[in-house]
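Q: One structure, pasted below without further comment.
The values are calculated or read from the model by the stated rules, or taken from the named source; none is laboratory data. Since we're looking at a predicted model, the values are computed, not measured. Every residue, glycine among them, receives a Cβ derived from its backbone with ideal geometry; neighbour counts consider all protein chains shown.
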Amino acid sequence: MRWSDERYALDKRFVQLTLLLDQGEDAQGPRWQRGSQTFHDLGEVLAQVPEPAVVILGPPGSGKSTLLRHYELDCAQAALAGQAGDDLSQTPLTFFVSLYDYKPASANASLPLPQDWLAAQWAARYPDLPGLEVLLPQRRLTLLLDALNEIPYAGAEPVRLWKDFLRQLARDYAGNRVVFSCRHLDYSVTLSSKDLPVPQVRIELLSDAQVQEFLTLYCPEHSATLWQNLQGTPQLDLLRLPYYLKLLVAQTTAGEIPAGRAALFTGFVRHALRREVESDNALLQADALLHTRDAQRLVQGHPWPPFALPERGILIPKLSALAFQMQTQRAVNEAAQVRVAYDEALAMLDHARAEDILKTGAATRCSMYTSCSRSTLRRGNSHVSRRRNWCSKSGVPIVSYPVSRPRCTTWPMLTRYHHCLRRVGRKLQCWPRRWPATLIVSSPI
């Protein structure tokens, strides 16, 4: 069970969930206000919140998918331990599914009804188990629907269909639960209505004291220096999530901190490459994918510029080119993710060692992606994906890196452009959730 592995451990000391209270559409102030009730895992939320559906809100890297996956794991472990009783036919069930896969069957088709789509997903994954049409009337199922904001279909129709599904579920199969994860309140709020409110639960950023405690626990030898370098700096606000702090402690050697988020991910990619070289990964032993001089520089710990990667070999340039091609070929209504068939990715790479490039990208957690995100390279499902979020839906933590830049020398220009766009967006109050990645990827924020 992958999610029971130590690297996916959930330290509840650094998880704080806050219930947002709905003041109603006619509220004079903000509609959603922070309540006094806090939780430390999804199980606590579902035990205390009576509504059939809830939304877990949080920025990229905050651990939304991890919370859903760990709840799934906790339920399975409880059933195996007999805590749910001896009758397994009454054991609560969970079903984790990524809403990125919720899409029309073909380019000209309409979106499927959510219940039909869920039934097909369940049957494909668990062909030997009773179908969803059997389990829903038993009223013991919790649907864990990840990444509402990543449905690859533009417009309001997807959320409207899921809202109708919630009404149908509450009417016909009361007792089942639904948990969505989503980045943005303005996207998920439309699920809620007067007749069927959907509470929103927000993952809170770590406080100064929690950041210090985290550093002390996970990097005791450099914790004091790290905190001294972080305190009062813009970098601290970027690192108030356990995921980013883990990236930091994994690569720091003397308590130094990166210049920004892009530098943090750049350093982690170098750290991952160094680990693979030191473990004698056969794909990196030849001089083609990773140049010998770069490999030596990684292993010997020589300093690198903040945003530099070993580009003498073909690995990084080829992954960068693949990411750029995938981004430019994104369909108009493909709002969250781009996937191409594995063979198509090989054709885009157009190199004799294309398969080795993809394998090494996965093995070293290098990303081909255009936003600071994590992603997956999967052969089993015959596709390569580019995600614009922080959490790998396959559970494989592949760190992404902004790669649509042709050369590091273009970064300062794009960085200035990005900050200019942000200033304009703030003044106009219209900074959108999804700018074209080629505009925002290169900003070291």
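Q: Mind listing whichever residues of region 38-76 are part of a helix (DSSP H, G or I), farther than 19 Å from Pro197 by Cα and either touching a residue at least 40 places away in the same chain (Cβ under 8 Å) or of a type in the set (Lys, Arg) (or both)?
A: Matches in region 38-76: Lys64, Ser65, Thr66, Leu67, Leu68, Arg69, His70, Tyr71, Glu72, Leu73, Cys75, Ala76.
Q: I'd like to know if region 205-215 contains one or more residues that are of a type outside the set (Val, Ile, Thr), part of a helix (DSSP H, G or I) and buried (at least 20 other Cβ atoms within 10 Å of the Cβ).
A: yes
Q: Let me spell it out: the conditions are (1) free of Cβ contacts under 8 Å to residues at least 40 places away in the same chain; (2) in a helix (DSSP H, G or I), and Ala263 meets all of them except one. Which number is the exception?
A: Here Ala263 meets the rest and fails (1).
Q: Further question: If you scan region 228-244, which residues turn out to be outside any loop (DSSP other than H, G, I, E, B) and either touching a helix residue (DSSP H, G or I) at 6+ places or on another chain (Cβ under 9 Å) or not polar (S, T, N, Q) (or both)?
A: Scanning region 228-244 gives Asn229, Leu230, Pro234, Gln235, Leu236, Asp237, Leu238, Pro242, Tyr243, Tyr244.
Q: Something else: Any chance you could count how many residues in region 15-37 are assigned to a strand (DSSP E or B) and under 21 Å from Ser65 (Cβ atoms)?
A: Residues flagged as assigned to a strand (DSSP E or B) and under 21 Å from Ser65 (Cβ atoms) within region 15-37 amount to 4.
Q: Restricting to region 276-315, name every residue that is touching a residue at least 24 places away in the same chain (Cβ under 8 Å) and surrounded by fewer than 17 Cβ atoms within 10 Å (Cβ to Cβ).
A: Hits for region 276-315 are Asp287, Ala288, Val299, Gly301, Trp304, Pro305, Pro306, Ala308.
Q: Moving on. Which of the residues spanning region 141-178 are within 21 Å of Arg31 (Cα to Cα) and in contact with a strand residue (DSSP E or B) (Cβ under 9 Å, 6 or more places away or on another chain)?
A: Across region 141-178, the qualifying residues are Leu148, Asn149.
Q: With the structure loaded, tell me whether Asp186 is modelled with pLDDT under 90 and assigned to a loop (DSSP other than H, G, I, E, B) or whether it fails that test.
A: no
Q: Could you list, in sequence order, all residues of region 209-256 that are charged (D, E, K, R) and without any contact (Cβ under 8 Å) to a residue 40 or more places away in the chain?
A: Matches in region 209-256: Glu221, Asp237, Arg240, Lys246, Glu256.
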